[in-house]
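So the structure is just underneath, and the comments pick up after that.
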There are 2 protein chains.
Amino acid sequence: MRQLKLEELGRLSAEEARRSPKLPIWLILENLRSGFNVGSFFRTADAFGIERIVLCGFTPQPPHAEIRKAALGAEDVVAWQFCATVGDVPELLPPGFLKIALEQTDVSVPLHHFRPGSGQGVALWVGNEVHGLSQQALDLCELALEIPQRGFKHSLNVAVAGGIALWHISRLLQSPK
Amino acid sequence: MRQLKLEELGRLSAEEARRSPKLPIWLILENLRSGFNVGSFFRTADAFGIERIVLCGFTPQPPHAEIRKAALGAEDVVAWQFCATVGDVPELLPPGFLKIALEQTDVSVPLHHFRPGSGQGVALWVGNEVHGLSQQALDLCELALEIPQRGFKHSLNVAVAGGIALWHISRLLQSPK
């Protein structure tokens, strides 16, 4: 077998990518510290057709060198907006979007047990690298999902954890079963 | 709902984590450039109970400041070894392990279509951030898996892509259906 060449990947132009149909998923990033993690999320959002990213609190915003280095231009294609405080996020969301925290909480559901309804819009909330989501954010969410973990740390890199959750949710929204 | 405290996560001590049963999954990293990505893989491997990491070619090895910063100590718990060239990897692998390239190739199978047999050992090969897996590595693998992507870049961060693949494979090995 051989690796596909860039021109065989069926990549869209920046303009086509902006106009292409998206999945009804918004990603809410609360107080992320690292521009590299934010950039990685832009790349994931582009790859999976996520509708919008909301950068909350002190989360770095484009233009930003670390975001650029990790996102490789995806930050120019994925729709995003700034929101100073998570308390203002719910009124930004499209009606009916399910507010989901990605967090290990006292009532969180294992990611692989989550089955969104067909056509269900989802707002996935992801928190700070060290502290996770704030209590204010958790109070706004209707559901928490956790990625079952074992071992020593019980803690994935935030962009890896978010990528896994976006993979799972985007697959289900594309082929609800 | 409330975030779980560290002491509620059921985390293992370093010694318990080393001795805990692992999934029959080896992760082969060929010529990764970034110690942060390698460190992120150590954390993912710890979280999902991966048996061993093989660091090939010029992939950074512990002890290494970037690995430490991203792995947060998981590099002291997950078994790993160095291998100068990918050509020597097959003889290191346990018998019967399926050699899988994570790569967009002319014959790659969408990740979500992959169903390993019950008890099947898996060696997942992941390549360089820019160039992916070498032709030599691809020639050694029996199967390629790709993460279906749309959009502008068609390219996930390598630690995000590997994390998604390890999530999918580790879930299937735990509950084959």
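Counting neighbouring beta carbons within 10 Å and listing from fewest to most, the residues B:LYS69, B:LYS153 come out as B:LYS69, B:LYS153. Coupling constants for the range B:123-133 follow from the phi torsions by the Karplus curve (6.51 cos²θ - 1.76 cosθ + 1.60, θ = phi - 60°), and in residue order they are 10, 9, 9, 10, x, 4, 4, 9, 9, x, 7 Hz; glycine and proline get x. Listed by chain and number, the lysines whose C-alpha is less than 24 Å from the C-alpha of A:LYS153, apart from same-chain residues fewer than 8 away, are B:LYS5, B:LYS22, B:LYS69.
In this structure the amide hydrogen of B:THR105, modeled in the peptide plane, comes within under 5 Å of the amide hydrogens of A:LEU4, none closer than 5 places in sequence on its chain.
Which distances, in nm and shortest first, link the B:GLY10 label point to the same label point in every other copy, taking 7 Å along Cα→Cβ? Nearest to farthest, the other copies are at 4.0 nm.
Under 5 Å between amide hydrogens, built in the peptide plane, is the criterion, and for A:LEU98 it picks out A:GLY121, A:VAL122, A:ALA123 among residues at least 5 positions away or on other chains. Looking at chain A alone, DSSP beta bridges between its own residues are antiparallel in about 5 percent of cases. Within the range B:14-103, antiparallel bridges make up roughly 0 percent of the DSSP beta bridges whose residues both belong there. For the protein assembly as shown, the direction-averaged projected area of the alpha-carbon convex hull comes to 16.5 nm². Close amide H contacts of B:ILE28 (hydrogens built in the peptide plane, cut-off under 5 Å, sequence separation of 5 or more or a different chain): B:VAL54, B:LEU124, B:TRP125, B:VAL126. Under a Cβ-Cβ cut-off of 12 Å, what is the net charge of the residues other than A:ALA71 that fall near it, where Lys and Arg count +1 and Asp and Glu count -1? Its environment carries a net charge of 0. Residue by residue, the range B:151-157 carries 3J(HN,Hα) couplings of x, 8, 9, 6, 7, 8, 3 Hz when phi is fed to the Karplus relation 6.51 cos²θ - 1.76 cosθ + 1.60 (θ = phi - 60°); x denotes Gly or Pro.
Helix B:35-48 and the longest principal axis of the C-alpha atoms of chain B enclose an angle of approximately 70°. Rounded, prolate or oblate: which one fits the range B:20-174, using the alpha carbon gyration tensor with axes a ≥ b ≥ c (rounded when a/c is under 1.5, else prolate when a/b beats b/c, else oblate)? Rounded, because the longest to shortest axis ratio a/c is under 1.5. Ascending distances from the A:GLN135 label point to its copies in the other chains, with the point 7 Å along the Cα-to-beta-carbon line: 6.1 nm.
Only sites in a loop by DSSP and with at most 16 other Cβ atoms within 10 Å count here; which GluC sites (Glu not before Pro) in the range A:51-145 make the cut?
Details: sites: A:GLU51, A:GLU66, A:GLU75, A:GLU91, A:GLU103, A:GLU129, A:GLU142; in loops: A:GLU103, A:GLU129, A:GLU142.
Of the GluC sites (Glu not before Pro), the ones in loops of the range A:51-145 whose Cβ has at most 16 other Cβ atoms within 10 Å are A:GLU129, A:GLU142.
For the protein assembly as shown, DSSP calls about 10 percent of its internal beta bridges antiparallel.
Helix B:158-174 versus the longest principal axis of chain B: what is the Cα-based angle in degrees, 0 to 90, to the nearest 10? For B:158-174 against chain B, the angle is about 80 degrees.
Every helix of 4 or more DSSP H residues in the protein assembly as shown counts as -39500 (n - 2.57), and over all residues that averages to -8500 deg cm²/dmol at 222 nm. Rounded to the nearest whole Hz, the Karplus-based 3J(HN,Hα) values (6.51 cos²θ - 1.76 cosθ + 1.60, θ = phi - 60°) of the range A:93-109 follow the sequence 5, x, x, x, 5, 7, 8, 10, 8, 8, 6, 7, 10, 5, 10, 6, 9, with x at glycine and proline. Plainly put, the tip 7 Å out from Cα toward Cβ on B:ASP88 is 5.8 nm from that tip on each other copy, the closest given first. Calculated over the range A:80-161, the projected area of the Cα convex hull averaged across directions stands at 6.3 nm².
A short reminder: the numbers here are calculations on the coordinates, not readings from a lab. Just so it is clear, the model here is predicted, and its values are computed rather than measured. Don't worry about glycine lacking a Cβ; one is built from the backbone with ideal geometry, like all the others, and counts go over all protein chains shown.
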